[in-house]
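Written below as structure tokens is the structure these notes are about.
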Amino acid sequence: MSEHFDTLETRPPGQRESALLNQLPNYVEHAIKNTAYYRDVLQSFDPQQINSRDALARLPLTRKAALVSLQAQQAPFGGLAAIPVSSMVRVFQSPGPIYEPQGEAGDHWRMSRALFAAGVRAGELVHVGFSYHLTPGGWMADAAARALGCAVFPAGTGNTELQLAAMQQLQPTAYCGTPSLLKILIDKAAAQKQKRLSVRHALVSGEACSPSLKAWFAEHGVAVFECYATAELGLIAYETPAREGLVVDEGVLLELVDPQTGQPVPEGETGEIAVTLFSPAYPLIRLATGDLSAALPGTSPCGRTNMRIKGWLGRADQTVKVRGMFVYPQQVAQVIRRHPELTRARLIVGQQNHLDELAIHCETIYPGDTLAQAVVGSVRDICKLRAEVVFCPPGSMPDDGKLIDDQRQLN
């Protein structure tokens, strides 16, 4: 059985670099000719001169956090899509809201490479635990599994009793979803004294999966691998059996940049992940994700020769990911604006027993169940998550401008 998805993974690094850079001039030219956004921001650049990493670094970053305002100004995609909606396969909505087009059918997000590295092979049944509603997570995993020749059980999120019953009946050997849902299902099977889940390997994303949680999964018979992906970019990097960082996907050109200047950081230093995605339908050039990481030296012992990153090392802004959903500071501001009774509020993100917990601390002189229920509803409507409400007296919270406080310890 092959240890690698294809020969691209083991080619000499120089050959890969040349292949990526050779695409840049025509790709930048395509973006300028076919999108209003790049026609504007890159108008002073000669695309045929963008043929090296140094030349690429001279182009401005496009921040993922800016997509909300760009799309509000020019619906539906902020002028970044190179094809009309009528030519798209699907359109998704992520929190923000941010709208993402699926331009091509099949494994559009290239996730099959990560599933393969996690040990999934043709003929297996994959239990997909990402949402198929609004956001593309479920579709990303679904397309990847089918591209590998696997059958899919489209479980989505929630309905854990039904999901567990399906697992016990269908006996899937693979899982793709958030680590928290997989842990809930394993715990529920044990609590109900049901037989151990049949899942042997899993690809998880959307939430942090600490080494201690991976060890817990291993004790329960599941080899868990992480991948780093976004709705706009698809797969960015993935874990391999070497367990040494995340290997960058073959379909992206990844930079680690200074969040302030946009310039590449020295080798080994922490920087913001910026990705150039070679998608003709939705060209993204130097999209700054807001996530921080650092490069690992050398190549992976598994034989894959692409760049490796350490994984998620924090955010360049206050944005966090909770239970697989991004939460933005401006969303907390929206909650505050809905309720004039609140003078200040802050989302506190914690973790208990490897599961994310969310609380919104609110300063008010009008505490009570009615206001608490209203705030819970606003957080649910705006952030798509449930949070506990904690009322505080006016002036008791720090006046430091922070709207989100991530207190999780990833160990």
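Miscellaneous remarks
- Spans of helices (runs of 4 or more DSSP H) in segment 9-128 with at least 2 residues closer than 21 Å to Thr276 by Cβ and either at pLDDT below 95 or not small (Gly, Ala, Ser) (or both): 13-34, 36-41, 53-56, 67-73
- Pro266 without any contact (Cβ under 8 Å) to a residue 24 or more places away in the chain, surrounded by fewer than 18 Cβ atoms within 10 Å (Cβ to Cβ) and either assigned to a loop (DSSP other than H, G, I, E, B) or in contact with a Lys or Arg (Cβ under 9 Å, 6 or more places away or on another chain) (or both): yes
- Hits in segment 307-334 (condition: modelled with pLDDT under 90, β-branched (Val, Ile, Thr) and part of a strand (DSSP E or B)): Val320, Val322, Val327
- Test: residue in segment 364-371 that is in contact (Cβ under 8 Å) with a residue 40 or more places away in the chain and charged (D, E, K, R): no
- Restricting attention to segment 219-239, the residues that are within 15 Å of His108 (Cβ to Cβ), in contact (Cβ under 8 Å) with a residue 60 or more places away in the chain and part of a strand (DSSP E or B) total 4.
- Of the set (1) more than 28 Å from Val85 (Cβ to Cβ); (2) in a strand (DSSP E or B); (3) in contact (Cβ under 8 Å) with a residue 40 or more places away in the chain, all apply to Thr299 but (2).
- Residue in segment 388-399 that is at pLDDT 90 or above and among the aliphatic types (A, V, I, L, M) present: yes
- Boolean, Glu255 is in a strand (DSSP E or B), acidic (Asp, Glu) and modelled with pLDDT of 95 or more: yes
The rows are residues; the columns are (1) of a type outside the set (A, V, I, L, M); (2) at positive phi; (3) surrounded by fewer than 15 Cβ atoms within 10 Å (Cβ to Cβ).
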{"site": "Glu29", "(1), (2), (3)": "yes, no, no"}
{"site": "Ile32", "(1), (2), (3)": "no, no, no"}
{"site": "Arg39", "(1), (2), (3)": "yes, no, yes"}
{"site": "Ser44", "(1), (2), (3)": "yes, no, yes"}
{"site": "Ala55", "(1), (2), (3)": "no, no, no"}
{"site": "Lys64", "(1), (2), (3)": "yes, no, no"}
{"site": "Ser69", "(1), (2), (3)": "yes, no, yes"}
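- Residue in segment 158-173 that is touching a residue at least 60 places away in the same chain (Cβ under 8 Å) and closer than 25 Å to Phe326 by Cβ present: no
- Look at segment 111-131: where a residue is polar (S, T, N, Q) and a partner is crowded, with 23+ Cβ neighbours inside 10 Å, sitting 6+ places away or on another chain with Cβ atoms under 6 Å, you get Ser112/Ala144; Ser131/Gly137.
- Subset of segment 132-188 [small (Gly, Ala, Ser), assigned to a loop (DSSP other than H, G, I, E, B), surrounded by fewer than 21 Cβ atoms within 10 Å (Cβ to Cβ) and touching a Gly at 6+ places or on another chain (Cβ under 9 Å)]: Gly149, Gly156
- Members of segment 344-383 that are among the hydroxyl-bearing types (Ser, Thr, Tyr) and more than 21 Å from Tyr328 (Cβ to Cβ): Thr364, Tyr366, Thr370
- From the options Pro76, Pro95, residue that is surrounded by fewer than 19 Cβ atoms within 10 Å (Cβ to Cβ), under 24 Å from the mean Cα position of the chain (by Cα) and closer than 15 Å to Glu232 by Cβ: Pro76
- Residue among Arg243, Arg286, Arg304 that alone is crowded, with 18+ Cβ neighbours inside 10 Å and part of a loop (DSSP other than H, G, I, E, B): Arg304
- Selection status of Arg196, modelled with pLDDT of 95 or more, of a type outside the set (Gly, Ala, Ser) and surrounded by fewer than 16 Cβ atoms within 10 Å (Cβ to Cβ): no
- Gly206 being at pLDDT below 95 and either in a strand (DSSP E or B) or in contact with a Gly (Cβ under 7 Å, 6 or more places away or on another chain) (or both): yes
The values are calculated or read from the model by the stated rules, or taken from the named source; none is laboratory data. Because the structure is a prediction, the values reported are computed rather than measured. Positions of Cβ are backbone-derived with ideal geometry, glycine not excepted, and every protein chain shown enters the neighbour counts.
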